[in-house]
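Asks: My questions all concern the structure below.
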Amino acid sequence: MTARLGIIGGYLGSGKSTLVNRLLAGVLPGRTAVVVNDFGSVNIDADLIASASGDTVELTNGCICCQISDDASRTMTALAARGDLNHVLCEVSGVGDPGQLAMWRDFPGFSPGPVLVCADATTVRRLLRDEYVGDTVARQLAAAEVVLVTKTDLALAVETDDAAEACSAAAPGARLILQDPADPGATAGEALAAPAPEAEDDDASAGGGTHRHGGPDHAEAHVSATLECPEPVDVDALTRGLAAQSGRLVRAKGVVQDYDGTWHEVQLAGGRVDVRPRSNDRPSPERPALVLIAAGPDASRLVSEAAAVLDRLLASNLIR
């Protein structure tokens, strides 16, 4: 059996993990393995992926394109050698370049799926114009063969149209799909079912470009901090506190437990905080924590300030 390899990219908070979960929820037939790569010391994304088969492989500390000759190489080679997989989904870090993984689709044991990039309808135009992260977002979109405009349920019609226009300009050769707010699962299946284009010899094709690390256009423009949350917390207070730090952070995500013993998945993206109870059939996280990410020339200061405020809040809420 040859597994179809799909590569999923997109900026921090664009909906990559949500898309993967929808694909795993019966959209993809057969057995699927997921390679999850996160930015930061704790792979929170692995805890947010609901892999029914347990085939979730974690790669941590940086973006997968930076590890392609080491950790990722061993992982992808092992997956290609398996004969029981129908699909492999590779979720690239929110600051990584999904085009760098396109080369793996030609590896024996894989058949090519698309390079799919998620774009948040409510933020993509602003992010493309951002002085510090715009190059990262533009590079991700330029690598796309399919662009999925996500979070259309949160956007006004004019915002969705504006996002579609921005994505078309940034990825003129890609197929553009707008998420159907009424049936996002069907949209996810449509997006991943798109055929990969024929291989090209042009160095500018997906996966053939030069991967640059200098300057503020990649992971160096982003700084993360981890808040350990081994004890139960006041989830409502944490939600309010995190919302108050949305001006400092471009992303936050984690899994925490409330005083009743219920686990909650916490996410901050696009200035919005979303907290929802974790499904009872999911295992407890191995390392309950919040990962905070800031961007720009003051990223270290911003993430440190946000971490200090939230750390004090967590400490005060532990006293009952």
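Asks: Around Val35, which amide H atoms from residues at least 5 apart in sequence, or from another chain, sit under 5 Å from its own amide H, with H modelled in the peptide plane?
Replies: Excluding prolines and chain starts, which carry no amide H, the hits are Val57, Leu89, Cys90, Glu91.
Asks: I would also like to ask the following. Using the Cα gyration tensor of the stretch 219-317, with a ≥ b ≥ c the square roots of its eigenvalues, what is the shape: rounded (a/c below 1.5), prolate (a/b larger than b/c) or oblate (neither)? Display every interim value, and only then the final one.
Replies: Working: a/c = 1.94, a/b = 1.70, b/c = 1.14.
Prolate.
Asks: Starting with the fewest neighbours, write out Arg240, Arg287 ranked by other beta-carbon atoms found within 10 Å of each beta-carbon.
Replies: Working: Arg240 12, Arg287 15.
By the 10 Å Cβ count, ascending: Arg240, Arg287.
Asks: Another question about this same structure. From the backbone phi of the stretch 81-91, what are the Karplus-calculated ³J(HN,Hα) couplings (6.51 cos²θ - 1.76 cosθ + 1.60, θ = phi - 60°) in whole Hz, Gly and Pro given as x?
Replies: Computed from phi, the couplings for the stretch 81-91 are 7, 6, x, 10, 9, 8, 9, 10, 10, 10, 8 Hz.
Asks: Could you please rank Leu127, Leu79, placing first whichever residue has the fewest other Cβ atoms within 10 Å of its Cβ?
Replies: With the sparsest Cβ surroundings first, the list reads Leu79, Leu127.
Asks: What residues qualify as long-range amide H neighbours of Arg175, i.e. H under 5 Å apart, gap of 5 or more or another chain, H built at 1.01 Å from N?
Replies: Val146, Val147
Asks: Going by amide H atoms built from the backbone, whose H comes under 5 Å of the H on Cys229, apart from near neighbours?
Replies: Ala289, Leu290
Asks: Mind sorting Tyr259, Tyr132, Tyr11 by how few other Cβ atoms lie within 10 Å of their own Cβ, fewest first?
Replies: The most exposed by this proxy come first: Tyr259, Tyr132, Tyr11.
Since every read-out is calculated from the coordinates, none of them should be taken as a lab result. Everything quoted here is computed from the prediction, not taken from an experiment. Positions of Cβ are backbone-derived with ideal geometry, glycine not excepted, and every protein chain shown enters the neighbour counts.
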